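One structure below.
Just so you know, all these numbers are worked out from the coordinates, no wet-lab data involved. Values in this document were obtained by computation on a predicted structure and should not be read as measured data. A quick note on method: Cβ atoms are made from the backbone with ideal geometry, for glycine too, and the neighbour counts reach across all protein chains shown.
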Amino acid sequence: MFSFELQKTDATTQARAGMLRTVHGEVATPTFMPVGTVGSVKGIEIRQLEETGTRIILGNTYHLTLRPGEDVVWHFGGLRGFTGWQGPTLTDSGGFQLFSLAKMTKITENGAVFRSHIDGRLLDLTPEKAVEIQEALGSTIAMVLDHVVGLPNPEKVVRDAMERTIRWAKRCRDAHRLENQVQFAIVQGGLDRAMRVECAGRLVELDFPGYAVGGLSVGEAPELMYETLDYTVPELPARKPRYLMGVGTPTDLLEGVARGIDMFDCVMPTRNGRNAMAFTDFGKVRLRNAKYQYDDRPLEDGCPCPACRRSRGYLRHLFIAKEMLGPILLSIHNITYYQRLMTRAREAILAGNYAEFVRQRKIDFTRENDG
RNA sequence: GGUGGAGUUCCCGAGUGGCCAAAGGGGGCAGACUGUAAAUCUGCUAGCAAUGCUUUCCGUGGUUCGAAUCCACGUUCCACCA
C-alpha cells in the first residue's frame, strides 16, 4: 500500500537512493515534486509533465477548498479523476498559507481562520478540517496542518508555532481515516537546534509513515538552512521518507540530498520559468536579456526538453512578444532540469560517488553565465 | 485658396508664465522570485567632471526678472469650406 525502500545510503554523505511505493505508483528518490497548487502545474499538460520525468505532483488544501471546493473534486473522483494526473499526488495542508497569507489569517489553538483572498469570506481551517479536505481531494500523501512562521522571529514565536504544530499533528493523525492515503508529519522549530531535535523526536513518537522538514527557506540564509538540516534530519527514522518542504534552488536540492532528504517541492522552476528565467547546468539564464536576441544556440546542450529544440533568440522573442508559449516552454525546461538533476543525483548515489557529483557541479545560481 | 485645430523627451500623451529634465502609459534596459494571492513585482530610461551644471518641449525672433506655456513670422500635419 505504502512503503519506502531504502536502496542505498552514500558512504561519505547522508544522501540516499530509495523507492517510494504508493497505491498510485512508484517514485524513485530523491525526487522533485512540481507544484500544482490549484490542480494544475501551471501551463503544463500532463503528457508534457510526464516527459519531464515527473512522478508525483502537489496540490494545495487551502486553494482547492476555496476553488473549486473539495466536494467538487470529490465528485470527479478526487484529484486524480479531476485533473487526469494518474500518478501519486501530495497535498499541502494549508500550513504554508498561515505564513504566506499571514495578513489575512488569525491563528488560535483550534485552528486558523482565513479571510479568503478570493472573495473575502471567512474560512475555518482546523487540523481536522485540513484532514477532511485532503481526504476528499484523495491525495496519495496528505500533510498535517502545521504552523509556519517566517524567519527571523523571536524564539517564543518559533517555539509556540512548534508546540502548536505538534499538537495539531496529533489531532490530524487522530482524525485521519482514509485508507488509501498516508499522512506525513512536519518538523518545525526555526533555526534552533534544540527545538528542531525536540520537535522531530516528539513527532517520531507519533509514528507517521513519513516526515517533512518545514519552516525553512522563509527568509534565512541558505547556509543556515543547510545547518538546520544537518542536525534535524538525523533525528528522523532512516527507513521512512523525508521531505524538505518548499525547497528550493538546484543547489538547495543537492545540499538537501547530501543531508538525507528524499523529496522536494518548490514553485521556483515553474514560477521563474514563467518569468523568463531558465535553470541550466551553467547557472541561470534570464532569457529576456538583450544579449540573447541573436543567440542561435539552444538553451542547454544535451537537454531533451522541447524548449531546447529552439534557439535562445526564439525563446527570448516569445517572452518579449508575451506569447504564452514562452512561459510554457521554460516551465517545462526548468522542471526537466530539476528532474534530470535528481535522476543524476540518484545515479551518483547508487554509483557511490555522490560527494564527487556535487563537487563537480558547484553552480553559482546567483550569477549569470551564458554557457 | 479660406477658416479652425494641432506640432512635448524613443513612441503615445499630460502640462497653458516660476514648484518642469517635464505627469501617466507604452517601448527599451536591468533585477527579483524557494510547501504559488505571482504569465507577477521592483528599479532605471536627455547629458555630464552629477548635493550642482549643461542641452531639451517644430523653427526663428520677441515680451518678461523668468517661457514647453504669452506674441509675431515661418513651417509641417489634421479637419472642414471652396
Can you tell me which residue within the stretch A:37-56, out of those that are crowded, with 21+ Cβ neighbours inside 10 Å and within 10 Å of RNA strand B (Cβ to nearest atom), is nearest to A:ALA130 (Cα to Cα)? A:VAL41
What is the residue count in the stretch A:318-339 for residues that are touching a residue at least 24 places away in the same chain (Cβ under 8 Å), assigned to a helix (DSSP H, G or I) and over 25 Å from A:LEU253 (Cβ atoms)? 2
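So, in the stretch A:250-286, exactly how many residues are part of a strand (DSSP E or B), near RNA strand B (Cβ under 6 Å from one of its atoms) and surrounded by fewer than 22 Cβ atoms within 10 Å (Cβ to Cβ)?
Pass one, the stretch A:250-286, residues part of a strand (DSSP E or B): A:263-266, A:277-280, A:283-286.
Remaining after also requiring near RNA strand B (Cβ under 6 Å from one of its atoms): A:265-266, A:277, A:286.
Narrowing the set further to residues that are surrounded by fewer than 22 Cβ atoms within 10 Å (Cβ to Cβ) leaves A:277, A:286.
Total meeting the criteria: 2.
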How many residues of the stretch A:178-198 are buried (at least 18 other Cβ atoms within 10 Å of the Cβ) and either more than 12 Å from A:ALA161 (Cβ to Cβ) or within 21 Å of the chain's Cα centre (by Cα) (or both)? The answer is 13
Note on the stretch A:92-150: residues among the polar types (S, T, N, Q), surrounded by fewer than 21 Cβ atoms within 10 Å (Cβ to Cβ) and away from RNA strand B (no atom under 13 Å from the Cβ) are A:THR108, A:ASN110, A:THR126
So A:VAL113, is it out of contact with any Ser or Thr (no Cβ under 8 Å at 6 or more places or on another chain) and either under 28 Å from A:MET195 (Cβ atoms) or in a strand (DSSP E or B) (or both): no
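Among the residues of the stretch A:193-230, what is the count of those that are more than 10 Å from RNA strand B (Cβ to nearest atom) and assigned to a helix (DSSP H, G or I)?
20
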A:THR232 passes all but one of the listed conditions (1) within 28 Å of A:LEU330 (Cα to Cα); (2) crowded, with 22+ Cβ neighbours inside 10 Å; the exception is number (1)
Taking the stretch A:287-297 as the search range and keeping residues that are out of contact with any strand residue (DSSP E or B) (no Cβ under 9 Å at 6 or more places or on another chain) and assigned to a helix (DSSP H, G or I), which one is nearest to RNA strand B (Cβ to nearest atom)? A:ALA290
Please work out which residue is farthest from A:GLY352 (Cα to Cα), limiting yourself to the stretch A:1-36 and to residues that are surrounded by 19 or more Cβ atoms within 10 Å (Cβ to Cβ) and among the small types (Gly, Ala, Ser). A:GLY36
Quick one: in the stretch A:77-91, of everything that is touching a Leu at 6+ places or on another chain (Cβ under 6 Å) and either closer than 16 Å to A:VAL213 by Cα or outside any helix (DSSP H, G or I) (or both), which residue is farthest from RNA strand B (Cβ to nearest atom)? A:THR89
Are there any pairs, at least 6 apart or on different chains, whose C-beta atoms fall under 6 Å, with the first in the stretch A:95-108 and closer than 20 Å to A:ALA212 by Cβ and the second outside any loop (DSSP other than H, G, I, E, B), and if so, which? A:GLN97/A:TYR62; A:LEU98/A:THR105; A:LEU98/A:ALA112
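Can you tell me which residues in the stretch A:231-244 are assigned to a strand (DSSP E or B) and among the hydrophobic types (A, V, I, L, M, F, W, C)?
Hit for the stretch A:231-244 is A:LEU244, nothing else.
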